[in-house]
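Participant: Please read through the structure below; I'll follow up with questions.
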Amino acid sequence: MNMKKFGTIAAALLVLVALTQCKKEEQPTPASDSETVTITLDLKSNGVTKVNVNTTTGEVTYQSGDVIYVASGGHYIGTLTYNGTNFTGGITDPTVGEPLHFYFLGNATPVEALAAGTTTTCSVVISDQTEHLPVIEYAPSNEIYDSGATAYTAMLLNKCALVKFSVTTASEAATCITGMKNKVTVDFAENILTPSQEGNGIITLPAGSGEKWAILLPQEAVEAGEDGTAYSEDGAFTGTRGAVPAITENGYQTAGIEVNVTTEGGTPSGHPEGAINGLFTINAEGDQVYFSQGNLQYQASTSTWRFAENQWNYMGYANNNISSEYDGWIDLFGWGTSGYHNVYDNFNVNYQPYSTDMAIVNSECNYFGYGPSTNMYDINLTGMSAEYDWGVHNSISNGGNQAGLWRTLTSDEWEYVFFLRSASTVGNVSNARFVKATVNGISGVILFPDVFSVPVYLPTPLQINNQDASSSVNSYSGEGWLVMENLGCIFLPAAGYREGTTMSDVAIRGYYWSTSYFDNRVARLLYFSYQYYNPSIGISTNYRHRGYSVRLVQNAE
């Protein structure tokens, strides 16, 4: 049996890595006319199964189903599979008089499709090390190939090293480090393995804090990384990766490498229920707010208010069905339609979230009867008229479920968030505040929080602060957007508007109410379009009776 050692390690640093959940990948099928060859590897039996590295001795053991790739005559010729005793399998047209060449590739699936007798190179990426350590090994057979012989032996040698990282993180997700060589290319013609860096050189370690072992490919020493060179897989935390010494084949790194993963963009545990983790300054005095996790929604049949589950969610044409008994959800509301009615304001007639009446109520005080009239002490949705604000008057079921926690921005605050606040430099753009984008296929605008940096493993957004850009220039979905959101980014979808029971501009333009009065017919709002449209983003005015989106905020303490 084959004892393959990385080296010697101090007893105080010994950790046994249990790797029992590796998912098997489909392997290439040899040609039907191939010759069957059996290879026997001299493996030490220590009671540990799996493609497993014993960090006490550096020995590697195998379990049934593990695969070795075989090369001969300058190309790949088939695979051998471990049956618990030895490796067996079919190979196609090996070259007589030369040794066979055996490659164990950590059970990583090759990037390329392999064809026996044709393929001369292949490569594997060993980024994901959350379930097992992808040891890379190679050796020629001790015997030359003879068509009459079916048993061969080899002493596989490691072409990688075992490295210990010390991880400190509060995240329940896996920890990732960057800047490592994480790809190896096999040249079957020359029988050479060449390490390289795929993308940002990501190696993903198991979740949680503590000592983590990893397989690293040979590389020169790497300096300590800047912020973002270590991060949690869910994007909730970013931090720094310590310096990594030169990595040699068949070796240990016993001292351990510190990976300190810290919070960025706010304190995940400190933001309010129903809020996105990210702070936004709203005025010159430095006051800050949290944005809600999604647009405001209402169900008339139960009088229930909630935030959309995801930031990109909007109800669209379902708003056409609004009524006092509708059991679906709507998310486009006339100005000041929180459900609050001041009996002393005779011209506040349309105060329900599902109001659609466009008949003239009073041409002087409140043309269509939406929100407070000019007879009120406060004509904005603030102060004595704050109950007209959806967040002030109502409890939000998934936002603390208590009235008065949330509110709507004023038009001046919307303008400050988009155009005036101090924010981080992103790429080469200082005070990066917003960017047009699509999220999960929905067009809209992303707001960057006051403190923000793009993780090194995500592309830098294009055309930052450009009102005239198209939403198609930046696209986020799945894990990419989850990282952005966890770092505090806000997405405002282009949900369109409702007039009566007719929808318009869905997925084309976004309209978000402010609390600010303009006159007895119109109020101020945030407006944007998915591409340039006079202007593309800005504070505008429009009719109070139209149903527009509402995105609430909560004041930060």
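The values are calculated or read from the model by the stated rules, or taken from the named source; none is laboratory data. Keep in mind that this is a model prediction, so the values were computed, not measured. Ideal geometry is used to build each Cβ from the backbone, glycine not excepted, and the neighbour counts take in all protein chains shown.
Participant: So the check is Cβ under 8 Å with 6+ separation or different chains; which pairs have a first residue in the range 501-515 that's under 12 Å from Gly316 (Cα atoms) and a second one that's hydrophobic (A, V, I, L, M, F, W, C) and at pLDDT below 95?
Facilitator: As it stands, the answer is Thr501/Ile322, since those pairs meet every condition given.
Participant: Also, quick follow-up: Which residues, counting only those in the range 361-418, are free of Cβ contacts under 8 Å to residues at least 24 places away in the same chain and in contact with a Gly (Cβ under 6 Å, 6 or more places away or on another chain)?
Facilitator: The answer is Val361, and nothing else.
Participant: Whether any residue in the range 315-335 is among the aromatic types (Phe, Trp, Tyr), in contact with a Gly (Cβ under 8 Å, 6 or more places away or on another chain), modelled with pLDDT of 95 or more and buried (at least 20 other Cβ atoms within 10 Å of the Cβ) is what I want to check.
Facilitator: Yes: the range 315-335 contains one or more residues that are among the aromatic types (Phe, Trp, Tyr), in contact with a Gly (Cβ under 8 Å, 6 or more places away or on another chain), modelled with pLDDT of 95 or more and buried (at least 20 other Cβ atoms within 10 Å of the Cβ).
Participant: Okay, next question. Go through the range 388-428 and count every residue that is assigned to a helix (DSSP H, G or I) and of a type in the set (A, V, I, L, M).
Facilitator: Adding up the residues that qualify gives 2.
Participant: Separate question: Quick check, is Ile136 over 22 Å from Tyr76 (Cα atoms) and either in contact (Cβ under 8 Å) with a residue 12 or more places away in the chain or of a type in the set (A, V, I, L, M) (or both)?
Facilitator: no
Participant: Same structure, new question: Surrounded by fewer than 22 Cβ atoms within 10 Å (Cβ to Cβ), of a type in the set (Phe, Trp, Tyr), in contact with a Leu (Cβ under 6 Å, 6 or more places away or on another chain) and at pLDDT 95 or above, is that true of Tyr527?
Facilitator: No.
Participant: Criterion first (part of a loop (DSSP other than H, G, I, E, B) and β-branched (Val, Ile, Thr)) does Thr118 satisfy it?
Facilitator: Against the criterion (part of a loop (DSSP other than H, G, I, E, B) and β-branched (Val, Ile, Thr)), Thr118 qualifies.
Participant: So which residues in the range 351-367 are within 26 Å of Thr502 (Cβ to Cβ) and touching a Ser or Thr at 6+ places or on another chain (Cβ under 9 Å)?
Facilitator: Tyr351, Gln352, Pro353, Tyr354, Ser355, Thr356, Val361, Asn362, Asn366
Participant: Select from the range 465-505 the residues that are surrounded by fewer than 17 Cβ atoms within 10 Å (Cβ to Cβ) and over 25 Å from the mean Cα position of the chain (by Cα) and list them in ascending order.
Facilitator: Within the range 465-505, Asp468, Glu499, Gly500, Thr501, Thr502, Ser504, Asp505 meet the criteria.
Participant: For the condition more than 18 Å from Gly278 (Cα to Cα) and not charged (D, E, K, R), what is the one hit in Ser470, Ser453?
Facilitator: Answer to the selection: Ser470.
Participant: If you scan the range 432-446, which residues turn out to be in a loop (DSSP other than H, G, I, E, B), closer than 22 Å to Val553 by Cβ and either in contact (Cβ under 8 Å) with a residue 40 or more places away in the chain or touching a helix residue (DSSP H, G or I) at 6+ places or on another chain (Cβ under 7 Å) (or both)?
Facilitator: Arg433
Participant: Another question about this same structure. What number of residues in the range 361-387 are part of a loop (DSSP other than H, G, I, E, B), hydroxyl-bearing (Ser, Thr, Tyr) and closer than 13 Å to Asn342 by Cβ?
Facilitator: Summing the residues that are part of a loop (DSSP other than H, G, I, E, B), hydroxyl-bearing (Ser, Thr, Tyr) and closer than 13 Å to Asn342 by Cβ in the range 361-387 gives 2.
Participant: What are the pairs with Cβ atoms under 6 angstrom where one residue, in the range 447-469, is in contact (Cβ under 8 Å) with a residue 60 or more places away in the chain and the other, located anywhere, is of a type in the set (D, E, K, R) and part of a strand (DSSP E or B)? Sequence gap at least six, or different chains.
Facilitator: Pairs that qualify, where the first residue is in contact (Cβ under 8 Å) with a residue 60 or more places away in the chain and the partner is of a type in the set (D, E, K, R) and part of a strand (DSSP E or B), are Ala469/Lys436.
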